[in-house]
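The values are calculated or read from the model by the stated rules, or taken from the named source; none is laboratory data. Computed from a prediction, not measured in an experiment: that's the story for all the values here. Every residue, glycine as well, gets a Cβ built from its backbone with ideal geometry; the counts of neighbours run over all protein chains shown.
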Amino acid sequence: MTAIDETTINRLSATAAAFPRHEQTFPTLTAHEIERMRRFGEPRSYKDGEALFETGTPGPGMFVVLSGSVAITQRDGLGRVTPVIDQGPGQFLAEIGQLSGRAALVDGHADGAVETLLLPPDRLRALLVAEADLGERIMRALILRRVSLIQGGAGGPVLIGSASAGNMAPLQNFL
């Protein structure tokens, strides 16, 4: 086994550990399912490195990747960036907050040229109702993604200070 293979295996193992129900959390849509979704969305193109969404800014809705790859990363309170997952053709980018246009909890940047189908929050809600079987798969994924993000500490307050500082323990307990 080469070092590259071991690195790939380690990355896949870390992803599987972070997302125990990986297939349900990050399903790949079929061409037929994407075609059914087109009437709810609008095509969007992104250049290499361009942001589709950023932590703390209102999310534009759900993106379905038609071509290319999007790198999903998470930033902590100190500005450190941690890779979460890469999403490619047939996968969608969103979590439960996108149903109401809430702030994104992660960053999404184009890794090369990317073509997407963007479903704004109101159209995403309409899709979930109109396409019940597809909506059920999407809802399950959105919920599982939010749970994983919360378990990973995304979206909450960050305390900066020494663990031995007198006021730190009461703040941690309160939060």
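Yes/no per residue for (1) part of a strand (DSSP E or B); (2) under 22 Å from A31 (Cβ atoms); (3) among the acidic types (D, E); (4) modelled with pLDDT under 90:
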residue	(1), (2), (3), (4)
G79	no, no, no, yes
G108	yes, no, no, no
G112	no, yes, no, no
T116	yes, yes, no, no
G135	no, yes, no, no
R140	no, yes, no, no
I150	no, no, no, yes
G155	no, no, no, yes
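Can you tell me how many residues in the stretch 45-72 are β-branched (V, I, T), farther than 11 Å from D111 by Cβ and not in a loop (DSSP other than H, G, I, E, B)? Don't jump to the end; show me each part of the working.
First, the residues of the stretch 45-72 that are β-branched (V, I, T): 55, 57, 64-65, 70, 72.
Add one more test, that the residue is farther than 11 Å from D111 by Cβ, and what stays is 55, 57, 64.
In the following step, the residues that additionally are not in a loop (DSSP other than H, G, I, E, B) were identified as 55, 64.
Total meeting the criteria: 2.
Of all the residues that make up the stretch 92-115, how many are at positive phi and in contact with a Pro (Cβ under 7 Å, 6 or more places away or on another chain)?
Here the count works out to 1.
From the list L66, L52, which one is aliphatic (A, V, I, L, M), surrounded by 12 or more Cβ atoms within 10 Å (Cβ to Cβ), at pLDDT 95 or above and in contact with an Asp or Glu (Cβ under 8 Å, 6 or more places away or on another chain)? Let's see the steps before the verdict.
Working: L52 fails: in contact with an Asp or Glu (Cβ under 8 Å, 6 or more places away or on another chain).
After applying the criteria, what remains is L66.
Please go through the stretch 101-113 and give me each residue that is surrounded by fewer than 16 Cβ atoms within 10 Å (Cβ to Cβ), among the small types (G, A, S) and either within 12 Å of the chain's Cα centre (by Cα) or under 15 Å from F53 (Cα atoms) (or both), ordered by number.
Across the stretch 101-113, the qualifying residues are G101, A103.
Which residue out of F40, F26, F19 is surrounded by 11 or more Cβ atoms within 10 Å (Cβ to Cβ), at pLDDT below 75 and of a type outside the set (S, T, Y)?
Numbers: F40 fails: at pLDDT below 75; F26 fails: at pLDDT below 75.
Only one candidate passes the filter, namely F19.
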